[in-house]
Amino acid sequence: MVKPQKEPENILVALPQANLRLKAAKIPVQIVLLSNGNKLGLQATLPDKKDPNARWYQQKISLGVPASLEGLEYAEAEARVVGGLLAKRQFSWAPYLKQKPAEKPVYIYIEDAIEGFKEEYFKRRGRTERTESTWETNYEDVFKKLISKLRNNNLRVNASTNNQPASDPKPSKTKITVQRLLKVIDTTAANTRSRQRDCIAINKLAKFLNLDLGVDLKEFEGVYLPKPRVIPSDKEINEKYYKLPPKWRPAYGMIATYGLRPYELPYIDTTDLDKGGYTISITLSKSSKKKKVSTRRIYPYYREWIEQFGLRNAQLPKLTGRNNKKRGAKVSIAFRNAEVGFVPYDLRHAWAIRLIAFGVPISIAAKMMDHSVQVHEETYEAWIPPNFNDQVFETSYRNPQRPEPPKVDIPVDEISLNCDGEKDGEV
């Protein structure tokens, strides 16, 4: 017996579902939150209000109903009416131009919006350590800044107006407004990774709410250029191995030899390596139920480093932490304490560049590193040293198995022709 679906209790969850129903019914109308965040409206391609004969374009209709579950029920019914009128080319602005404001507006609060967005994010992406790490870095850090800033404002207001202490453990929630969301962007410097991250997070939150920001945040992202990364040479990598205490040397050797992310160390399967082979495998969960996993096999570059770094039957350090970010940080701290001079990800970058020198196809290299070809080109090949292409050229020509130019049988009478088409000796 199929259980009936539970009716959503949150307008932020119910609104996207209503729009999906309209889309499935092929109704070209969408329900949106108006810019003040407390009322619902409709959006569609509509005629001009003053000139019905002018070109139609995307516009919003104010319905004057609160952003509540009851208001949403009315808005969905009205969307179907408007869709029918549009199909017959009989739509008129007259019923919508004079709307009375709702008597008791229901506001959307930023805390509820974030909770609804978070629920939808993990429902769509699945809950794994990787998605949790992405949520924490790319979204939660931004939203924390937003909430803490707004709550601090509330606390100051409460303290000044109601004589409440500034340490009130239960500050009031804050209503969503476009101005408040956009103010977060102003807190970060232009052309930085923080600005880019903030714009993406706020833009996705607004899109989830169907909230019109009135501006294109892509224009505010700017151009983010990462700080120049100095990739250590293979000789330097070899030498710096001995700066680490014995406990961390196997971790260093694994990252350098197989191009691993630091947090992947606990997921290594060394069965083949310990039996005298050369490869390792990494298995990571790709879904919250851990039924879908991704396993990739990785080859060593250089193979000689397996013996030099003592990687067979090596005892890797145990990495603790509630997610991949925390576990990877343990390795970074070990590098910093040992004054290695570079970070663990620099070893991964060096490995990616080394594969080019070995002539490994980019598609294979990207697969072993567990990312797309585009990421490989944009992230890793961007740090190739200026003289690296010269080195690759010289190495490829010293390869005894390199292709030779084709040999062509030239007719005897053509051999004696000079560049003017005349035979030798002729004037």
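With a point put 7 Å past each Cα toward its Cβ, work out how far K318 is from S62 in nm, to one decimal.
Roughly 6.3 nm, to one decimal.
According to the square roots a ≥ b ≥ c of the eigenvalues of the Cα gyration tensor, what is the shape class of the stretch 19-66, taking rounded for a/c under 1.5, prolate for a/b larger than b/c otherwise, and oblate for the remainder? Spell out each step's value before the answer.
Values: a/c = 2.97, a/b = 1.24, b/c = 2.40.
In terms of gyration-tensor shape, oblate.
Could you state how much accessible area R80 has, in square angstrom rounded to the nearest 10, with a 1.4 Å probe and all protein chains kept in place?
100
When only DSSP loop residues count, what GluC sites (Glu not before Pro) in the stretch 292-349 have their Cβ near at most 15 other Cβ atoms within 10 Å?
On the way: sites: E304, E307, E339; in loops: E304, E339.
For GluC sites (Glu not before Pro) across the stretch 292-349 that sit outside H, G, I, E and B with at most 15 neighbouring Cβ atoms in 10 Å, the list reads E304, E339.
The values are calculated or read from the model by the stated rules, or taken from the named source; none is laboratory data. Given the structure is predicted, the values throughout are model-derived calculations rather than measurements. Quick reminder, even Gly has a Cβ in these numbers, built from the backbone with ideal geometry, and neighbours come from all protein chains shown. With ligands, DNA and RNA removed, areas are computed over all heavy atoms of the protein, side chains included. Shrake-Rupley method; radii C 1.70, N 1.55, O 1.52, S 1.80 Å.
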